[in-house]
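S.K.: One structure, pasted below without further comment.
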Amino acid sequence: MITFQRIFQTRQQAMDVYRSQLSSQKLYVESFEGYPRGSEAALSLEIRETGKKITLSAVVERVMGKKEVMELGYGQRPGILLNVPISPDIVEPFRNFFLPAEREVASAPVRPVAPVRPTASAVSGMAAPHASPVRPSAVSSASPARPAAAMPLSIPFERLASCTAEEAEAEVEAFFKRADNGNIYQLFNIRADYDRKAVRKIYNTVVRVLHPDAQGAWSAELSEKLGDAYQIINDVYKILQNPVLNAIYMDISRANRMPGGMSLNAYKKYKADYDLRNAANVRLANELAQKAEDALGRGCMSEAEQHIRLALQYDPFNEAARSVLL
């Protein structure tokens, strides 16, 4: 069997190659020898900085000339493009290969490229391949417990119609500060164990008040600010009314050491950065979620569960994968 080796000096260097190549299950290795397409190979990867090593199975896809290698930004010498299948059995070892060394883990900040695994409740409906399948509704435990909750003492913007311009300005500025610094529950003045019916009542009240057609004769600047608040309310409502999105929001908040929930603006920025950095993984997770839906349509529960388990290993925050078994 052919053997190839790729050594990375730093973990960051390995992560850069992961994003540009391995996330698409491809890898360039320098070689002056040609090998037939389809030749099986053993691929050894090593990160000098962390001392981590892993050996993967690979298949020769094609020989690459110097010009093609340079155009793709892979290097400056001819080489081999390998197909490196990321099968379910090596996903976890592969993931651990890119994690920091153990001595760094305790103090390392959470980064989008190495998100925490989904909470146990988020995948509680997924059994092992040979276990008895569970009903799709079992995954609904991804949402937090929500006993009936009383309406809040203060509904945002409820008294806007009777406010002076100065009072309205102060209220909307306070609302923006909560969007920057508080969690999404504070934007609705509710607890984290909120009742969805109560949230719907709050939302309907706020939307009626903030809707452009319902606003008073405010200045153009204040009307624009109220329009921005209206958009924030809609963004928060989408999360609060969707158990899967709310579970993802809380998982990301915990990953950023904010167990009570992070601010809406910080969450949106994190999610946008995460999706950009992990575009290939998100795409693979979406494809696996679609395969799971197809399997469910054929009545193949165990197959669907395997697809979902793998999808969540690629992208723990994937909405499509978490929603399949609801």
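S.K.: For the range 1-48: of the residues being among the aromatic types (Phe, Trp, Tyr) and modelled with pLDDT under 85, which is farthest from residue 284 (Cα to Cα)? Outline the logic, then answer.
M.R.: Kept after step one, since they are among the aromatic types (Phe, Trp, Tyr), are these residues of the range 1-48: 4, 8, 18, 28, 32, 35.
Restricting the remaining residues to those that are modelled with pLDDT under 85 gives 18, 32.
Details: 18: 14, 32: 33 Å.
Only one residue fits best here, namely 32.
S.K.: Scan the range 167-198 residue by residue and report those that are in contact with a Phe, Trp or Tyr (Cβ under 7 Å, 6 or more places away or on another chain), among the charged types (D, E, K, R) and modelled with pLDDT of 85 or more.
M.R.: Listed by number, the list holds a single entry, 171.
S.K.: Of the conditions (1) touching a residue at least 40 places away in the same chain (Cβ under 8 Å); (2) part of a loop (DSSP other than H, G, I, E, B), residue 226 fails just one. Which one is it?
M.R.: Just one mismatch for residue 226, condition (2).
S.K.: Taking the condition over 28 Å from residue 276 (Cα atoms) and not assigned by TED's automatic domain parsing to the domain that holds residue 307, does residue 37 pass?
M.R.: Taking the combined requirement at face value, the residue satisfies it.
S.K.: Please go through the range 187-208 and give me each residue that is in contact (Cβ under 8 Å) with a residue 40 or more places away in the chain and among the polar types (S, T, N, Q), ordered by number.
M.R.: If the condition is that a residue be in contact (Cβ under 8 Å) with a residue 40 or more places away in the chain and among the polar types (S, T, N, Q), then 205 is the only one that fits.
S.K.: Taking the options 50, 55, name whichever one is in contact with an Asp or Glu (Cβ under 9 Å, 6 or more places away or on another chain) and of a type in the set (S, T, N, Q).
M.R.: Answer to the selection: 50.
S.K.: Restricting the first residue to the range 277-297 and requiring it to be more than 14 Å from residue 25 (Cβ to Cβ), which pairs with a second residue that is among the β-branched types (Val, Ile, Thr) and buried (at least 18 other Cβ atoms within 10 Å of the Cβ) meet a Cβ separation below 6 Å and a spacing of at least six or different chains?
M.R.: Pairs found: 289/324; 292/308; 292/324; 293/324.
S.K.: Here's something else I'd like to know. Being in a helix (DSSP H, G or I), among the acidic types (Asp, Glu), more than 15 Å from the chain's Cα centre (by Cα) and closer than 30 Å to residue 21 by Cβ narrows it down to one of 273, 294, so name that one.
M.R.: Being in a helix (DSSP H, G or I), among the acidic types (Asp, Glu), more than 15 Å from the chain's Cα centre (by Cα) and closer than 30 Å to residue 21 by Cβ holds for just one of 273, 294, which is 294.
S.K.: Can you pull out every residue in the range 306-326 that is aliphatic (A, V, I, L, M) and crowded, with 19+ Cβ neighbours inside 10 Å?
M.R.: Pass one, the range 306-326, residues aliphatic (A, V, I, L, M): 308, 310-312, 320-321, 324-326.
Passing the criteria: 308, 310, 311, 312, 320, 321, 324, 325.
S.K.: Also, quick follow-up: Is there a residue being on the phi < 0 side of the Ramachandran plot and touching a Gly at 6+ places or on another chain (Cβ under 8 Å) anywhere in the range 64-72?
M.R.: The answer is yes; a qualifying residue exists.
S.K.: Then there is this: Would a scan of the range 303-326 turn up a residue that is touching a helix residue (DSSP H, G or I) at 6+ places or on another chain (Cβ under 6 Å), aromatic (Phe, Trp, Tyr) and more than 30 Å from residue 162 (Cβ to Cβ)?
M.R.: Scanning the range 303-326 turns up at least one residue that is touching a helix residue (DSSP H, G or I) at 6+ places or on another chain (Cβ under 6 Å), aromatic (Phe, Trp, Tyr) and more than 30 Å from residue 162 (Cβ to Cβ).
S.K.: For the range 51-58, does any single residue satisfy the condition of being over 28 Å from residue 311 (Cβ atoms), out of contact with any Leu (no Cβ under 9 Å at 6 or more places or on another chain) and not assigned by TED's automatic domain parsing to the domain that holds residue 305?
M.R.: Taking every residue of the range 51-58 in turn, at least one turns out to be over 28 Å from residue 311 (Cβ atoms), out of contact with any Leu (no Cβ under 9 Å at 6 or more places or on another chain) and not assigned by TED's automatic domain parsing to the domain that holds residue 305.
S.K.: Does residue 101 satisfy the criteria of being of a type in the set (A, V, I, L, M, F, W, C), over 24 Å from residue 276 (Cβ atoms) and at pLDDT below 90? Outline the logic, then answer.
M.R.: Working: of a type in the set (A, V, I, L, M, F, W, C): yes; over 24 Å from residue 276 (Cβ atoms): yes; at pLDDT below 90: yes.
Here the answer is yes, as residue 101 does meet what is asked.
S.K.: Say whether the condition of being in a helix (DSSP H, G or I), of a type in the set (A, V, I, L, M, F, W, C), over 24 Å from residue 177 (Cα atoms) and not assigned by TED's automatic domain parsing to the domain that holds residue 19 is met by at least one residue in the range 251-268.
M.R.: No.
S.K.: Here's another thing I want to ask about it. So for the range 224-243 (the condition being among the aliphatic types (A, V, I, L, M), in contact with a Gly (Cβ under 8 Å, 6 or more places away or on another chain) and surrounded by 15 or more Cβ atoms within 10 Å (Cβ to Cβ)), does at least one residue qualify?
M.R.: So far as the range 224-243 goes, no, none of its residues is among the aliphatic types (A, V, I, L, M), in contact with a Gly (Cβ under 8 Å, 6 or more places away or on another chain) and surrounded by 15 or more Cβ atoms within 10 Å (Cβ to Cβ).
The values are calculated or read from the model by the stated rules, or taken from the named source; none is laboratory data. In this text the structure is predicted, and so the values were computed from the model without any measurement. Note: ideal-geometry Cβ built from the backbone for every residue, glycine included; neighbour counts use all protein chains shown.
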